[in-house]
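Here the structure comes first, spelled out in structure tokens, and everything after it is commentary.
Each reported figure results from applying straightforward, stated rules to the coordinates on display, with no laboratory input. As the structure is a prediction and not an experimental result, all values here were calculated from the model. We place every Cβ from the backbone using ideal geometry, glycine too, and count neighbours over all the protein chains shown.
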């Protein structure tokens with residue numbers, strides 16, 4: 001499934017994380033979208049579900065994304081974004097089953113993380129009211 005995905009070097013969470021590390025964790029829109037989506041739903045959530053929601057959000061107004069776009073988003077979630085969130089202790093990601101099985105972190109309740117356009121769409125998608 002992920003044979004065509006690029007290889008990415010992972011950076012583990014430092015022993016004593018600082019603000020720069022936290023900002024780096026949240027620096028990518030896809031990770032912020034994942035956190036907003038998870039904050040609005042219940043576990044478990046598959047990578048496919050997250051990839052579909054993100055691809056639809058990124059293509060909003062441009063028509064439905066292609067299969068290649070969905071696959072590219074799945075690759076980035078599986079190889080980059082979910083492992084980074086998992087290493088940070090924000091989500092529990094089962095890399096073999098391709099499912100986020102649990103999430104909790106105090107940061108999820110912070111308005112600066114969960115407010116904004118991606119959150120409104122993530123909440124609509126997670127509750128099925130789109």
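If each residue of separation counts as 0.36 nm, what is the full-extension length gain between residue 62 and residue 92 once their alpha-carbon separation is subtracted? Write down the numbers at each step before the final one.
Working: separation 30, 0.36 × 30 = 10.80 nm, distance 3.27 nm.
Fully extending the segment from residue 62 to residue 92 adds 7.5 nm.
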Seminar exercise, completed: Most packed first (mean Cβ within 10 Å per residue), the peptides 91-103, 69-81 order as 69-81, 91-103
Exercise. Separation between the residue 52 and residue 102 pseudo-spin-labels, each 7 Å from Cα along Cα→Cβ, expressed in nm?
Worked result: 2.6
